[in-house]
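Below you'll find the structure, written out as structure tokens, and then a few comments.
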Amino acid sequence: MNAIPDPLADVLRDAAALQKQGRAVLNALHAIGDVQVGQSPRDCIYSEDKIRLYRYAPLARSARLPPLLICYAMVNRPYVLDLQPDRSLIRDLLFQGMEVYLLDWGYPDGADRFTPLAQYVCGYLDRCVKIILEKHSLDALNLLGICQGGSLSLCYSALEPSRIANLICMVSPVDFKTPENLLSKWVQHVDVELLSESGNVSGEMLNLVFLALMPFRLTQQKYVNLLQIHADRAQLETFMRMEKWIFDSPDQPARAFREFVQWLYKENRLIRGELMLDGKAVSLKNIRCPVLNIYAKNDHLVPPSASICLGAHVSSKLYQPLMVDVGHIVMYVSAKARSTLSAAIVTWLRART
């Protein structure tokens, strides 16, 4: 006579197996300990306040193209672009023969509380550009702006168009008020004056906001998936590096953050042609150099509608959009996306240099 199935016993067995997997994952992660990131060889060639300008050591024969300066977001650390040797957009560009520089905004503290947004664009970024141009005896360089760094790069390129040979924007917001922009919808209801009046804005708090935009996928699903890879040390190390980056969120300088949120997110001044920095009008129509606009099809932070409008607002006769079928963060770390991106970027630059 067949035994009658006991649903409760099945549930208990599954729970015990899940608990065993969880212990195995925790033990494996504990054995790994701290992980190293950003390991591609580089030298700091300029520093000022918290910012650092790095030059990466070449890894291949020169492509004979103007140097590429990468301007990343202020709200996250740029080592996600060089997470590990097999997940490094920077390394991929170096293997393509590019001369790569990186502007690292560092970790702002109380001394940066009253620093205006203009200082980051017209001050720090401008001086880094001039240093690279002087080093190479050139009049213009290639600029790659990523995420918030793309918006800052657009501002700089509009103010100093003669210094930019080619502009590449990657997952960069241009129109900050499109219907699909969840982050923008949240920001509209934030009293940014109140948020920043007592000092710098907590990076930890901002990170929680970003995670809350897709809570299941970003705070639960990835840990469920972790149970499936507990025996794969390489995948666990990659997971640990991503976790390290996600929760390594610098505090934001109060005044610059307030101005960025108020002027761009709330008032949409960049696309409306109403932004002023250092007493000068920031007009996207001043951008006449070739522009490559890379955006992610499944981006939850910068939806495609926030980026693809760029072509209608610049004066470039060589404007090219490029959609990649990934999400915002996967754009930097996915092996498939990265290899496609680095080859596309260098091929595009070669055709226009």
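Springs between Cα atoms under 10 Å define the GNM used for the chain, and in it the highest mean-square fluctuation of R258, R13, R23 occurs at R13. Note on the range 177-322: Cα-Cα pairs beyond 27 Å make up 39% of the total pair count.
Restricting to DSSP loop positions (anything but H, G, I, E, B) with no more than 12 other Cβ atoms inside 10 Å of their own Cβ, which chymotrypsin sites (Phe, Trp or Tyr not before Pro) remain in the range 50-148? Provide the component values of the computation, followed by the final result.
On the way: sites: Y54, Y56, Y72, Y79, F95, Y101, W105, F114, Y120, Y124; in loops: Y72, W105, F114.
Qualifying residues, ordered by number: F114.
The order of S283, S47 by accessible area, most exposed first and with a 1.4 Å probe, is S47, S283. Computed from Cα positions, the angle between helix 233-246 and the longest principal axis of the chain comes to roughly 50 degrees. Calculated [222 nm] ellipticity per residue, helices only, for the chain: -10500 deg cm²/dmol; basis is -39500 (n - 2.57) per DSSP H run with n ≥ 4, divided by all residues, nearest 500. Listed values (1) 22.1, 89; (2) 20.0, 67; (3) 25.9, 111 include one computed from this model; for Rg and Dmax of the Cα atoms in Å that value carries the label (1). Would you mind calculating the relative contact order of the chain from Cα pairs under 8 angstrom and at least 6 residues apart, reporting the percent as a whole number? Averaging sequence separation for qualifying contacts and normalising by length gives 21 percent for the chain. Between helix 335-351 and the chain there is an angle of about 10 degrees, using the helix long axis and the longest principal axis of the Cα atoms. Between their Cα atoms, which of K50/K135; K50/K130; K185/K336; K130/K336; K135/K285 are more than 24 Å away from each other? Beyond 24 Å between Cα atoms: K185/K336; K130/K336; K135/K285. A Förster distance of 25 Å, applied to the separation of the beta-carbon atoms of Y223 and K185, puts the FRET efficiency at 0.40.
Relative to the dominant Cα principal axis of the chain, helix 148-159 is inclined by about 10°.
Extension gain, A60-D248: 0.36 nm per intervening residue step, less the Cα-Cα distance, totals 64.6 nm.
Rolling a 1.4 angstrom probe over the chain with all protein chains present gives an accessible area of which 54% lies on carbon and sulfur atoms.
If you average the alpha carbon positions of the range 9-84 and of the range 89-117, how far apart do those two centres end up, in angstrom? Distance between centres, Cα-based: 15 Å.
Computed 3J(HN,Hα) for the range 299-306, one whole-Hz value per residue from the Karplus formula 6.51 cos²θ - 1.76 cosθ + 1.60 where θ = phi - 60°, is 7, 8, 9, 10, x, x, 4, 7, glycine and proline marked x.
Each of M242, M205, M170 has its accessible area taken with a 1.4 Å probe; listed largest first, they run M205, M242, M170. Indicate the gyration tensor shape class of the range 20-147 (rounded, prolate or oblate), computed on the Cα atoms with a ≥ b ≥ c the square roots of the eigenvalues: a/c under 1.5 is rounded; otherwise a/b larger than b/c is prolate and the rest oblate. It is oblate, given that a/c is not under 1.5 and a/b is not larger than b/c.
Using 0.36 nm per residue and subtracting the Cα-Cα separation, the extra length available between F95 and D14 on full extension is 24.4 nm. Per-residue extension of 0.36 nm, minus the Cα-Cα distance of N298 and A212, leaves a gain of 29.3 nm for this segment.
With the simple model of a label 7 Å out from the Cα in the direction of the Cβ, L194 to Q21 spans 4.4 nm.
The percentage of C-alpha pairs in the range 90-190 whose separation is greater than 19 Å is 53%.
What does the accessible area per residue of the chain come to in Å², with a 1.4 Å probe and no ligands, DNA or RNA counted?
46 Å²
Of I308, I132, the residue with the largest accessible area leads and the full order is I308, I132 (1.4 Å probe).
The values are calculated or read from the model by the stated rules, or taken from the named source; none is laboratory data. Treat the numbers as computed from the prediction; the structure is a model and nothing was measured. Cβ sites come from the backbone with ideal geometry, for glycine too, and all protein chains shown count toward neighbours. All accessible areas refer to the heavy atoms of the entire protein, side chains included, with ligands and DNA or RNA removed. Shrake-Rupley method; radii C 1.70, N 1.55, O 1.52, S 1.80 Å.
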